[in-house]
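Structure first, commentary second.
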Amino acid sequence: MQTIFVMLKCLPGQAYQVADHAVESEAVSEVHSISGQYDLMLKCYLEDGVDLGQFVVENVQTLPGVTDTFTLIAFKAFT
């Protein structure tokens, strides 16, 4: 299982609508409203072998209201 975090910039006034669409994706585990340069942060779990770039381009960047993304790949989760 691969974990990525994707931060999203949204059109003004569209963050909640984007969040509603994002949570519909099976790969999206959590959606957080955040402060700073980005409006939302998605935590996504993807099966091993899934093309991460293709997932972001086809499933995240195409969400209505998204204007920009920034993706982080997680190496290890500490518990």
(message) Take the residues in the stretch 69-79 that are touching a Phe, Trp or Tyr at 6+ places or on another chain (Cβ under 8 Å) and open to solvent by less than 80 Å² (accessible area, probe 1.4 Å); name whichever of them is nearest to A19 (Cα to Cα).
(response) T71
(message) Any residue in the stretch 53-79 that is of a type in the set (G, A, S) sitting within a Cβ distance under 7 Å of a residue that is open to solvent by 80 Å² or more (accessible area, probe 1.4 Å) and part of a loop (DSSP other than H, G, I, E, B)? List the pairs, counting only those 6 or more apart or interchain.
(response) G65/L11
(request) All but one of (1) more than 12 Å from T3 (Cα to Cα); (2) touching a Gly at 6+ places or on another chain (Cβ under 9 Å) hold for I34, so report the exception by its number. (result) (2)
(message) Among the residues of the stretch 57-67, are any open to solvent by less than 40 Å² (accessible area, probe 1.4 Å) and either of a type in the set (S, T, N, Q) or part of a strand (DSSP E or B) (or both)?
(response) yes
(message) Which count do you get for residues in the stretch 23-33 that are in a loop (DSSP other than H, G, I, E, B), open to solvent by less than 50 Å² (accessible area, probe 1.4 Å) and farther than 15 Å from A74 by Cβ?
(response) 1
(request) Go over the candidates D48, D20 one by one and state the one that is among the acidic types (D, E), part of a loop (DSSP other than H, G, I, E, B) and open to solvent by 50 Å² or more (accessible area, probe 1.4 Å). (result) D48
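The values are calculated or read from the model by the stated rules, or taken from the named source; none is laboratory data. The structure presented is a predicted model; accordingly, all values stated were derived computationally and were not measured. Please note: Cβ atoms are built from the backbone with ideal geometry, for glycine as well, and neighbour counts cover all protein chains shown. With ligands, DNA and RNA removed, areas are computed over all heavy atoms of the protein, side chains included. Shrake-Rupley method; radii C 1.70, N 1.55, O 1.52, S 1.80 Å.
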